[in-house]
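Here the structure is laid out as structure tokens; the discussion comes afterwards.
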Amino acid sequence: MTTTAAATTLTPAAEAYLQRVRKALADLPEDEQEEILGDVAVQLADLAPATDTDLETALGSPEDFAGELREAAGMGTKPTPDGLWSALGRRLDEFRNRPAIRWWMAQWVRLRPYWLATRGWLLVASISVIYNGDPFVRFPLPEVLDEAWVGGAVVAALTWLSFRLARSPRRGRFVDVAFTAATLFYVSITLSGAFPLTQSVDELHAGASYRGLLGTDGPITNLYPYDLDGNPTQVLLYDQEGRPVLTRPELRSGGYEPLVSDGTLIIPEDGGAIAIPLDENGRPIPNLYPQEERPSPYRGVQPTIPTTTTLQP
Amino acid sequence: MDTTQVLKGLLDTAVLAIVAREDTYGYDIIRRLREAGFDGVGEASVYGTLRRLYRGGYLTSQIVPSEEGPPRKYYGINAAGRDLLERSTKTWTHLAAVMNDLLDLTEEAA
């Protein structure tokens, strides 16, 4: 039998006692430990609920109990570590034996089965919340690969793994700790609200240092204002704080970029020009998108503007 | 006289004798030992003895589910265990006879 099986039936005090015996036998082969602890767990299960007597009073300290057992089994005494680790171990034991810590440890032992049963779901659900935003189309199944049934299968596999790891505390300890750490990490991120990690372009730009004008598909590189008659016109655009609206922030030192209606169109992008479609009367057709952008030769000088071009007829 | 030390020397034989009657588990063996008068025997000593006898190839074991708690490991005796029990019984009988004779002579002398 295993102590996991025992853990489901032992009282917190008995489980704590058993864990201290396990620690005192930690140098023995794992199979041997499990065999011994399986025998001891039966007695603890019988003793603990039937009496209010402290187990240490009835059986002696777990360390003494393990020492006597070793002697009777011909297993020798536990190797005594020395130096820094020994001192740290003693301090840790003293810490664990404090009443408050023992109380919390007992609560943890009581709640541990629930943790083992739910941590797989917590891990998958947290990751799903973080990366998918809203993962619960079919609550409580989180979506994995956009499928709730895949999420359910992953949760089931992780739940099985969770209990399996708990039953092999030595071999699976590293994986068990990694499992717990990953779960706590992603759950804490989820609870902190710092998600989703994948952002839309809007969110990315809104939170970034980009200071130009943004549209739904990214930075707006130019604006083409027209009057009510459909003719290109010249405007000055400012934001709510009186700052010039820039379509390209690298031009901030040059003020703003005007669009003129007299045939000169300011194109800040390497001398390119916009070919504005014209109607049969030669007038530009307003609000027609997409407009083709093509390069044209640089033809003028604007002292405060990096580049100017002439509107093509 | 330190009875604990004497009991430890006899524990192997006592445990084998109990298991030879019927398969049973560690805690029940402790209870039977105490009912038989081995009050001073420690639980840990019994568990350690069981493990040593099992590793020595004198006992068998099997897990049996229990409705009252964790599954219990029932120990049973095998041929090697019975042989050991038989030899231990002879040794004990001989030693007990020698001790009785010795103590009777002592009493007579007194």
Exercise. Does at least one position in segment A:49-69 carry a residue that is closer than 30 Å to A:Phe179 by Cα and at pLDDT below 85?
Worked result: no
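Quick one: is B:Leu7 out of contact with any His (no Cβ under 7 Å at 6 or more places or on another chain), more than 7 Å from chain A (Cβ to nearest Cβ) and at pLDDT 90 or above?
Spelling it out, it is not the case that B:Leu7 is out of contact with any His (no Cβ under 7 Å at 6 or more places or on another chain), more than 7 Å from chain A (Cβ to nearest Cβ) and at pLDDT 90 or above.
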For this session: Quick one: which residue in B:Thr89, B:Thr60 is over 25 Å from A:Leu47 (Cα atoms), of a type in the set (S, T, N, Q) and away from chain A (no Cβ under 14 Å)?
Result: B:Thr89
For this session: Within segment A:106-120, identify whether any single residue is closer than 28 Å to A:Ser192 by Cβ and outside any helix (DSSP H, G or I), and answer yes or no.
Result: no
Seminar exercise, completed: Over segment A:130-142, the set of residues modelled with pLDDT under 80 and under 19 Å from A:Ala182 (Cβ atoms) is A:Ile130, A:Tyr131, A:Asn132, A:Pro135
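Here are B:Ile77, B:Ile29: which of them is aliphatic (A, V, I, L, M), touching a Leu at 6+ places or on another chain (Cβ under 9 Å) and more than 14 Å from every other protein chain (Cβ to nearest Cβ)?
Numbers: B:Ile29 fails: more than 14 Å from every other protein chain (Cβ to nearest Cβ).
Answer to the check: B:Ile77.
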Exercise. If you check A:Ala106, A:Ala87, A:Ala66, which single one turns out to be surrounded by 11 or more Cβ atoms within 10 Å (Cβ to Cβ) and within 14 Å of chain B (Cβ to nearest Cβ)?
Worked result: A:Ala66
For this session: Go through segment B:14-110 and tell me which helices (runs of 4 or more DSSP H), entirely inside it, have 3 or more residues that are touching a strand residue (DSSP E or B) at 6+ places or on another chain (Cβ under 7 Å).
Result: B:43-55
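The values are calculated or read from the model by the stated rules, or taken from the named source; none is laboratory data. Since we're looking at a predicted model, the values are computed, not measured. Cβ coordinates were reconstructed from backbone atoms using ideal geometry, including for glycine residues, and neighbour counts include every protein chain displayed.
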